[in-house]
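Reviewing the structure listed below.
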Amino acid sequence: MNPITVTVTGRLGDDPRAFTTHDGTAGVELRLAIDLPGRGGDTITRWVKVNAYGLLASRTAESVRKGDRVTVLAEDLLTEAWLGTDGEGRPRASARVTLRAREIAASMAFDTLRTGYAGRKAARQAAANGQPNDLPAAEAADARVLAGVTTSS
């Protein structure tokens, strides 16, 4: 088990930014606004950058939008600090925390969600039994192979 586990919940400040890494892996970047309790009942907003890769990135980019409340489980974090200048040329220190997500979940307390998993599972089972389905050709072929049917239809 990784010694670092971070779970944060917040709202997306922007729509997800999809990208592709230099080796062709899908990626997504999220800007997550996390509200923390402050003095006198006020809240303090902290911004956290979240990156995800592979299938998690693709599904996240398709599923969430600006303002959606999500929970992120991360097992890696990166902190960055740099010196710059403010708008008047004075030195200014800046810092950022970036989390590498292992799981991203939409909050059911604030929205509804249909994952599509049940439909995909039923279509895979139908394909494995030789029944008509709406799976993409590659998934239908995989389902036939898993069912022991190796001839094409």
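The values are calculated or read from the model by the stated rules, or taken from the named source; none is laboratory data. Quick caveat, the model's predicted, so the values are computed rather than measured. Using ideal geometry, Cβ is built from the backbone for each residue, glycine included, and neighbour counts are taken over all protein chains shown. Protein only, heavy atoms only, side chains kept; ligands, DNA and RNA dropped before computing areas. Shrake-Rupley method; radii C 1.70, N 1.55, O 1.52, S 1.80 Å.
Name every residue in the range 84-93 that is assigned to a strand (DSSP E or B) and either loosely packed, with under 10 Cβ neighbours inside 10 Å or under 13 Å from the mean Cα position of the chain (by Cα) (or both), in order of residue number.
Listed by number, the residues that qualify are GLY84, THR85, PRO91, ALA93.
Just to be sure, is ALA18 open to solvent by 40 Å² or more (accessible area, probe 1.4 Å) and at pLDDT 95 or above?
So ALA18 passes the test.
I'm trying to understand the selection: among the residues of the range 21-48, which are open to solvent by 60 Å² or more (accessible area, probe 1.4 Å) and among the aliphatic types (A, V, I, L, M)?
LEU36, ILE44
Evaluate the following for THR112: is it open to solvent by 80 Å² or more (accessible area, probe 1.4 Å), of a type in the set (Val, Ile, Thr) and modelled with pLDDT of 90 or more?
It is false that THR112 is open to solvent by 80 Å² or more (accessible area, probe 1.4 Å), of a type in the set (Val, Ile, Thr) and modelled with pLDDT of 90 or more.
Go over the candidates ALA81, ALA52 one by one and state the one that is open to solvent by 70 Å² or more (accessible area, probe 1.4 Å), outside any helix (DSSP H, G or I), of a type outside the set (D, E, K, R) and out of contact with any Leu (no Cβ under 7 Å at 6 or more places or on another chain).
ALA81
Determine if the range 61-75 includes at least one residue that is open to solvent by 30 Å² or more (accessible area, probe 1.4 Å), among the basic types (Lys, Arg) and not in a strand (DSSP E or B).
Checked against the condition, which is being open to solvent by 30 Å² or more (accessible area, probe 1.4 Å), among the basic types (Lys, Arg) and not in a strand (DSSP E or B), the range 61-75 yields at least one hit.
Here's the yes/no breakdown for (1) of a type in the set (Val, Ile, Thr); (2) without any contact (Cβ under 8 Å) to a residue 12 or more places away in the chain:
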| residue | (1), (2) |
| --- | --- |
| VAL48 | yes, no |
| TYR53 | no, no |
| ARG69 | no, no |
| ASP76 | no, no |
| TRP82 | no, no |
| GLU88 | no, yes |
| PRO91 | no, yes |
| ILE104 | yes, no |
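GLY84 - would you say it is at pLDDT below 95 and in contact with a strand residue (DSSP E or B) (Cβ under 8 Å, 6 or more places away or on another chain)?
Here the answer is yes, as GLY84 does meet what is asked.
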